[in-house]
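See below for the structure under consideration.
Coordinate-derived values only; no laboratory data. Remember, predicted model here, so these are calculated numbers, not experimental data. Virtual Cβ from ideal backbone geometry, glycine too; neighbours counted across all protein chains shown.
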Amino acid sequence: MPVEPPPTVWELPAAESADEGGLVGVGADLEPGTLLAAYRRGLFPMPLSGRGPIGWWSPDPRGVLPLDELRVTRSLRRSMRRYELRVDTAFDAVVEACADPGRDGGWITPEFRAAYRRLHDLGWAHSVEAWDPGSGELSGGLYGVAVAGLFAGESMFHRGRDASKVALVGLVERLRASGAVLLDVQWLTPHLASLGARELPRSEYLRRLHEAIRTSAEPFSAA
């Protein structure tokens, strides 16, 4: 079971107070209690630019992937047979790969890596990994935060063809089995849209978030 950390010392603004770009506020910290309070309020952290100060975001519209609308093509089904799925066996390696400074739009600083490692140690942050059984190498994966019936996806990467998509399929299957109801992908991208993600108005996202937080989903685990 996840361990509840001490509560945040910060008074976080409401998601509805965001500006036109989705920015709610700047500052605070990345302690576990602060991060969990933010996710429960519909916020997520991301630096304003590069290694700048922490920004707290609530975009409108918000990207979500409905768990019953994931698009799995025949090509992706073939790719699923090429990889072995694992959960939480290489959390640090997944975050490190997602934080590769050579990636376009890279924003995951050492401070963020340490913060999500703390959440992982407490049982809130998780990785889903696609491994190449032939080489034994990590080919792709994703990580995010599970709070009751919410999974807040943070980032994904791939080194092998379709590896991140295979990890996403594994995540969705696990969430559906656990009773989770909301997969947050923050901003919609063409890549995510091709997999079935879509946008919701902020008000609708927050309504679904409140329902998800009250949902009695099974704890996210490697079992």
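Mind listing which GluC sites (Glu not before Pro) in the stretch 68-137 are in a DSSP loop and have 14 or fewer other Cβ atoms within 10 Å?
Listed in order of number, the matching sites are 69.
So how far, in whole Å, is the C-alpha centre of the stretch 27-56 from the one of the stretch 87-103?
19 Å
On a 0 to 90 degree scale, rounded to 10, what angle separates helix 163-178 from the longest Cα axis of the chain?
So the helix axis and the longest Cα principal axis differ by about 70 degrees.
Along the Cα-to-C-beta direction of residue 3, a point sits 7 Å from the Cα; which residues of the stretch 28-45 have their amide N less than 18 Å from that point?
Answer for this model: 31-37.
Relative to a virtual label point 7 Å from the Cα of residue 203 in the Cα→beta-carbon direction, which members of the stretch 58-73 show backbone nitrogen distances below 18 Å?
58-63
Quote the relative contact order of the chain in percent (integer), defining contacts as alpha-carbon pairs under 8 Å separated by 6+ residues.
Relative contact order for the chain comes out at 24 percent.
Using a Förster radius of 25 Å, what is the FRET efficiency between residue 93 and residue 173 based on their Cβ-Cβ separation? Nearest 0.05, please.
So the FRET efficiency works out to roughly 0.70.
Please go through the stretch 190-223 and write out the GluC sites (Glu not before Pro) that DSSP classes as loop and that have at most 11 other C-beta atoms within 10 Å.
Those that pass, being in a loop and sparsely packed, number zero.
Which entry in (1) 53, 14, 11; (2) 26, 19, 18; (3) 29, 18, 16 is this structure's computed semi-axes √(5λ) of the Cα gyration tensor in Å?
Read-out from the structure maps to (2).
Using the basic label-point model (7 angstrom from Cα toward the beta carbon), what is the residue 40 to residue 122 distance in nanometres?
1.0 nm
Please identify every one of the trypsin sites (Lys or Arg not before Pro) in the stretch 50-118 that sits in a loop by DSSP and has no more than 15 other beta carbons within 10 Å of its own beta carbon.
51, 71, 81, 103
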